[in-house]
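In what follows, a structure is listed as structure tokens, so that the remarks can point back to it.
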Ligand SMILES: C[S@@+](CC[C@H](N)C(=O)[O-])C[C@H]1O[C@@H](n2cnc3c(N)ncnc32)[C@H](O)[C@@H]1O
Ligand SMILES: [Zn+2]
């Protein structure tokens, strides 16, 4: 296979598998734009879908989610040329992919970025309440009562 077959076409499947094949075929990317599933919000597939086990976002813990995201962005890193750009839409975490000269597998780090309020967009703050930590909206004084659950320091939107 050649890199050409990947260009100007849609490819469906687990992004990690697809990116590994792209790398093997010599694909080089200048820009990546992605919106991975947020952690613990929803499934995009029916329960009996064959690809369901590969679906991102349904991991048991935030740690597992972060580990899988890091894996995804290692694959991204392997495709990027130097001076490339990654656009990432992510609710809870921002992934900072720093590519070394040879594509960077080792040099991926992940940092927790500002969490914004799902209701009004103001920054959320981690607050210690009587029943443990939770995340509250910094626009509380302006009337926003939005909260998020805290799981191991990560803000998580409640199901349902
Ligand atoms: C937040 S949505 C982004 C939707 C996208 N912006 C669009 O307009 O179609 C996340 C998408 O990631 C897909 N997804 C989940 N796990 C995946 C995986 N392992 N490989 C590729 N896509 C995956 C989901 O099916 C869903 O379509
Ligand atoms: Zn708010």
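Computed from the coordinates by the stated procedures, all read-outs in this text should not be read as laboratory data. Here the structure is a predicted model, which means the values were calculated and not measured. As a convention, Cβ positions derive from the backbone with ideal geometry for all residues, glycine included, and neighbour counts pool all protein chains shown.
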Could you give the length gained by full extension between residue 128 and residue 12, i.e. 0.36 nm per residue of separation minus their alpha carbon distance, to one decimal place? 37.4 nm
With 10 angstrom as the radius, rank 73, 140 by how many other C-beta atoms surround their C-beta, starting from the fewest. 140, 73
Once fully extended, how much extra length lies between residue 30 and residue 47, figured as 0.36 nm per residue of separation less the alpha-carbon to alpha-carbon distance? 2.6 nm
In nm, to one decimal, how far is the residue 21 label point from the residue 4 one, both placed 7 Å along Cα→Cβ? 1.8 nm
Highest average packing first - 5-17, 35-47, Cβ atoms within 10 Å: 35-47, 5-17
